[in-house]
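See structure below.
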Amino acid sequence: MNSRQFAIIYFVFCLNCACFGEDSSPNDIRRRVVCIWETFDADCGQNNVVLIVEALLGRMRNGSGCSIDLGSAESPCFADIRLFAERKCAGRRRCSFKPIDDNLQLVPGNCSRRVEKFMLVTYRCQAVYSADSETCLTNRSLVVTSSSGYLSNTVTEELGKGSSLCPWRFQPGEGQTVTLTLLDFGVWQDRGERSRPYTCRIYARIRHLQPNSFADIPICAGDERESHVQSTATAIEVLMTTQGNQSPADKAYFLIRFQTHLFTFFNLGD
């Protein structure tokens, strides 16, 4: 069985069972079916942002809850629209969008144009690091005290934390390494422009704090949703770029996942 066949079987299973209600499981996974005339909306409150797990646009012959014209018998079909949904929603506290969009016609899938479709979105409310007990003071960094988590440019835009005036600071202990990974939610809209050579839309900068360190290292938007940024065993600061008065449609949203690893060195003998 290939991956597409498995995805279709999963799609059929979910459409024929009660797995689309908002789930109150500990990891806050939520699934919604959105009919073509409806609006998808999510609200994750003040301490979280929306993280899209999966987004599909397609149709089954029954079980969706949407009163659509069944027309002729069709095989299960869908298109993966996760990048589109992320550009509309991910990284925000709250968001909404409709499944009717001309750009969705460009997404490869196995549904014919005449098939009436609905949208299946699976998402979770992801907690992001905000140093709630800390006050952001000009020209003073905020030390990240968690061993793992997510930095969000939404927090920087709202509170100033993580900006060039109040950057995030990582101080690995002895034998520790901090790994940073970019989750880029602007890939869908910006991919064509990003593919041009020597173009860097700067999301953030990494500043090494040891003596004689090099210039700040930019974290650039790219054409991949997830990319490794850096692993370091020395103190660094992360300076998130603010986007000022850009319209919501033009703003880029992203997360930087951080993870502290402990390395143990073994003596292999004399």
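The values are calculated or read from the model by the stated rules, or taken from the named source; none is laboratory data. No experiment lies behind these values; they were computed from the predicted model shown. Neighbour counts are summed over all protein chains in view; Cβ atoms, including those assigned to glycine, are modelled from backbone coordinates with ideal geometry. The protein model used for the area step is the full one, side chains on, heavy atoms only, and it has no ligands, DNA or RNA in it. Shrake-Rupley method; radii C 1.70, N 1.55, O 1.52, S 1.80 Å.
Looking at segment 151-162, can you tell me whether even one residue there is modelled with pLDDT under 95, over 26 Å from Gln246 (Cα atoms) and open to solvent by 20 Å² or more (accessible area, probe 1.4 Å)? Checked segment 151-162: no residue is modelled with pLDDT under 95, over 26 Å from Gln246 (Cα atoms) and open to solvent by 20 Å² or more (accessible area, probe 1.4 Å). Go through (1) part of a strand (DSSP E or B); (2) in contact with a helix residue (DSSP H, G or I) (Cβ under 6 Å, 6 or more places away or on another chain) one by one and return the number of the condition Ser231 breaks. Going through (1) part of a strand (DSSP E or B); (2) in contact with a helix residue (DSSP H, G or I) (Cβ under 6 Å, 6 or more places away or on another chain) one by one, Ser231 breaks only (2).
Taken over segment 117-150, residues that are touching an Asp or Glu at 6+ places or on another chain (Cβ under 6 Å) and open to solvent by less than 20 Å² (accessible area, probe 1.4 Å) amount to 3. Does segment 183-199 include one or more residues that are β-branched (Val, Ile, Thr), in a loop (DSSP other than H, G, I, E, B) and at pLDDT 95 or above? Checked against the condition, which is being β-branched (Val, Ile, Thr), in a loop (DSSP other than H, G, I, E, B) and at pLDDT 95 or above, segment 183-199 yields no hits at all. For segment 128-158, the candidate set comprises residues that are within 20 Å of the chain's Cα centre (by Cα) and not hydroxyl-bearing (Ser, Thr, Tyr); within that set, the residue that is nearest to Gln210 (Cα to Cα) is Leu151. Quick one: would you say Leu165 is at pLDDT 90 or above, open to solvent by 60 Å² or more (accessible area, probe 1.4 Å), part of a loop (DSSP other than H, G, I, E, B) and at negative phi? Taking the combined requirement at face value, the residue satisfies it.
Determine if segment 218-236 includes at least one residue that is within 20 Å of Leu165 (Cα to Cα), crowded, with 16+ Cβ neighbours inside 10 Å, modelled with pLDDT of 90 or more and of a type in the set (Ser, Thr, Tyr). No, every residue in segment 218-236 fails to be within 20 Å of Leu165 (Cα to Cα), crowded, with 16+ Cβ neighbours inside 10 Å, modelled with pLDDT of 90 or more and of a type in the set (Ser, Thr, Tyr). Against the conditions (1) basic (Lys, Arg); (2) outside any loop (DSSP other than H, G, I, E, B); (3) modelled with pLDDT under 90, Lys251 satisfies every one except (2).
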